[in-house]
Structures are given as structure tokens and as C-alpha cells.
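Visitor: The structure follows.
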Amino acid sequence: MSSPRDVDVVVIGAGQAGLSAAYHLARQGFAPGSGFVVLDADAAPGGAWQHRWPSLTLATTHRVHELPGLPFAPASEDLPAAEAVPAYFAGFERRFALPVRRPVRVSAVRRGDDGRFVVESDRGTWRARGLVNATGTWTRPFVPHYPGQETFRGRQLHTVGYRGAEEFAGLSVVVVGGGASAVQLLGEIAPVARTTWVTRRPPVWREGPFGEEQGREAVARVEAAVRAGRMPGSVVGATGLVVTPWVRRALDDGVLTRLPVFDRITPGGVAWDDGRSVAADVILWATGFRAAVGHLAPLRLRTRDGVIRLDGTSAVDEPRLQLVGYGPSASTIGANRAGRTAAVTLRRLLAADLPRTA
């Protein structure tokens, strides 16, 4: 077995939050390679974007925020997001010579006898004085349980398994979830299938432009929840659903008329306790994700509610651990700012004698 490799900081994950943190670590004087390294589980650049369904275009996704120091200038808003964003991330890695190692799957992070973090992976072990966790949520899709779920004779899938509307042509599809993904998928599927939309709460529509100020307000609400030890809601959930031109068309066409979530699932569909029922061939769960932080379990930082409490980006009980792409920064709205905060915080905490660049 090879000896552990020693660095000042290990960044786990090379999505938007991880790349932002890596950029700022270099700006804070941590040397790429010897001072910090980025470990990414995917075989190619792009983070979760490379796994999105092919029909998701830049025009229909939430705004893709630029990474620091490199404009995002796609040739067309009609490009698939799963192609355009990974190409942008790859260019960012090259432009700033970021030390990304892939594919590297981190299995556990422990505290070593010398106080360093011990990062165990399928490609060996690293030891670090500081850690930036940027593993996001894509690998932990969440599907709630409802009575009778196991009896359903049709197909159930989460948005991570969605590839296009054509596979649902002529079928009856129940879409569950009140977020942007549910709205996007309904817009695609409704022209070829019979759709029913159910949500736990009535949707909140946001008319007009969504800018930086509104984004900061949404992040602040999630930050307050995490600081108090409550389960972080999604930042996208805090922003409301933006009424874009194509969403307006879907609203006018009646595609986005919702029902309250059903009470149980039957072999042939879904049903409510008031006697209503809807036949279904497919239940599509657009019900979000949970933070992918299982590898941090040996550090024993979660509260009884399963939350890692944060102060800014620092874990309250282990400040040398920075969480970006978690809670307040679990979107492109907050990832850039969180990456910079994490890098600045680690420089201060590690008291590294490093030359600082502008």
C-alpha cells in the first residue's frame, strides 16, 4: 500500500463549488498539487451537469452562474446544458491549471493521530490540515415513501433517471414535486402524454427578473436555518418558481395546474382520502436530493436531525472542515461566494506562511 500523500488542503468534488474553492485556494497562496488537490469521483469534468437529461437546454435551466475569472459565453442558449456546462468547467480547469485528480471516489474522512484529516479513497489516501467538502447532492436522489408504493404496477423513476419525453408518449404520468425540475419536465412531457402534477404545497410563482439581490436573500434564509441546526431547505425552493416565457405558455395552456399530493399509491395509480383517484402508468419523482456527506460520518458531526451545523462555510464542531455546495451554497447562486469564503477561512485557520496573490 502506498504512503499517504500530504497536502495542506483536500477539496472533495469538482462541481461549481469545488472549482470555485480551488480557484480561491490558489489565490490565497496554496500551491496547486503540493498545497492543495481536488479529488473528483466523475471520469470527466462537469460535476452533476454532465448527468442531466439531454433535452435540458441552457434556456430552460436555472441561470448558470459564471465561475470566478472566466466568462461563460455559450454559442447558443439552445445548447444542451449537459454539454455546454461541462465544456465550460473543463476550460476553467485548464485555464487555471487546477490539480484535479479523477476518477477518485472518497470513501471516508477520519481524524488522524496527528490532528490531520485522513482522506481514504479508491486511489489511495491523502492527509490534509484542512478539508473542503464539495460533493453536492446529485448522487443522493430522494424519494419519499407513501402507503402502497410497493404495489404500483407501473414505472417509478426519479429525475436522475429521466432521459427524454419520448419514452412516455401516450402514457399517463404523475409528476411529484414543486421545484424547477418538476416544472421543466412537465413542460416537456405534457405535449406527448397525459400529465398530472402534485405538490405538497401550492407553488409560489416569481414574476419578473431574478437577480443577484434576490439570490442573496434566498441564500441568507437557508444560512439561518443551517446555523440554527435545522435541516437546510433548497435555495431554489426559497427563490420561488421563475415565470419564464415558456413557463408562462405552460401556465396558459393549463399544464401547470397542480393537485395536492396524494395520500396513497394504488396498483394502477394514485388516490386521495377524499375519494379522488388518478390512473397512472408512470410516477416521476421530482422530489429533490439530500446532501452527499456519508463519507464524513467518521467525524461524527451530524446533529440528531442529521444536520452538520455551519458558521458560514465552517462546520461548527470542526472549523477546519469547510462545506460548500451544502445548505446555503447548494446551488450556483451561492457556490462561488462559498468557495472564496472557504479558501479565506482555511488560510486564516491554518496560519500558512504563504505568498498571497492579488
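Visitor: Would you mind putting 68-80, 254-266, 3-15 in packing order, based on average other-beta-carbon counts within 10 Å, highest first?
Guide: Averaged packing, sorted descending, gives the order 3-15, 254-266, 68-80.
Visitor: Packing-wise, with mean Cβ within 10 Å as the measure, how do 50-59, 306-315, 341-350 rank, highest first?
Guide: Details: 50-59: 17.1, 306-315: 19.2, 341-350: 21.0.
Result, highest mean Cβ count within 10 Å first: 341-350, 306-315, 50-59.
Visitor: Per DSSP H run of n ≥ 4, the term is -39500 (n - 2.57); total these for the chain, divide by its residue number, and report the mean residue ellipticity at 222 nm rounded to 500 deg cm²/dmol. Intermediate values should be presented prior to the final figure.
Guide: On the way: 7 runs with 85 residues, N = 358.
It comes out at -7500 deg cm²/dmol, rounded to the nearest 500.
Visitor: Right, here's the next one. Rounded, prolate or oblate: which fits the range 51-107, taking a ≥ b ≥ c as square roots of the Cα gyration tensor eigenvalues, rounded meaning a/c under 1.5, else prolate when a/b beats b/c?
Guide: Because a/c hits 1.5 or more and a/b fails to exceed b/c, the range 51-107 counts as oblate.
Visitor: Okay, next question. Only helices at least 15 Å long along their own axis, judged from Cα atoms, and with Kyte-Doolittle mean hydropathy of 0.0 or greater: name those in the chain from DSSP H.
Guide: The qualifying helices are 16-27, 332-350.
Visitor: Mean shadow of the chain, computed from the convex hull of its alpha carbons, in nm²?
Guide: If you wrap the Cα atoms of the chain in a convex hull and average its projections, you get 19.4 nm².
Visitor: Right, here's the next one. Give me the percent of DSSP beta bridges within the chain that run antiparallel, rounded to the nearest 5.
Guide: Working: 23 of 58 bridges.
Taking every DSSP beta bridge with both residues in the chain, the antiparallel ones total about 40 percent.
Visitor: To the nearest 20 debye, what charge dipole does the range 241-291 have about its Cα centre, counting +1 at the Cβ of each Lys and Arg and -1 at the Cβ of each Asp and Glu?
Guide: Once rounded to the nearest 20, the dipole reads 220 debye.
Visitor: For the chain, what does the relative contact order come out to in percent, with C-alpha contacts under 8 Å and a separation of six or more?
Guide: 24
Visitor: Which of the three applies to the range 1-58, rounded, prolate or oblate, going by the alpha-carbon gyration tensor with a ≥ b ≥ c and a/c under 1.5 meaning rounded?
Guide: It comes out oblate by the Cα gyration axes.
Visitor: Considering the dipole of the range 63-125 built from charges on the beta carbon (Lys and Arg +1, Asp and Glu -1) around the Cα centre, which of F117, G69, A97 is farthest to its positive end?
Guide: Going by the charge dipole, the pick is F117.
Visitor: Right, something else. Subtract the Cα-Cα distance of H145 and A59 from 0.36 nm times their separation in residues, and report this length gain in nm to one decimal.
Guide: Full extension of this stretch gives 27.7 nm more.
Visitor: Treating only the Cβ of Lys, Arg, Asp and Glu as charged (+1, +1, -1, -1), what charge dipole size does the range 29-97 show about its Cα centre? Round to the nearest 20 debye.
Guide: 120
Visitor: If Rh is defined by the Kirkwood formula over all Cα pairs and Rg also comes from Cα, what ratio Rg/Rh do you get for the range 75-148?
Guide: Values: Rg = 18.0 Å, Rh = 16.1 Å.
So for the range 75-148, dividing Rg by the Kirkwood Rh gives 1.12.
Every read-out reported here was derived from the displayed coordinates using simple, explicitly stated rules and does not represent laboratory data. Keep in mind that what you see is a predicted model, and the values were worked out from it rather than measured. Quick reminder, even Gly has a Cβ in these numbers, built from the backbone with ideal geometry, and neighbours come from all protein chains shown.
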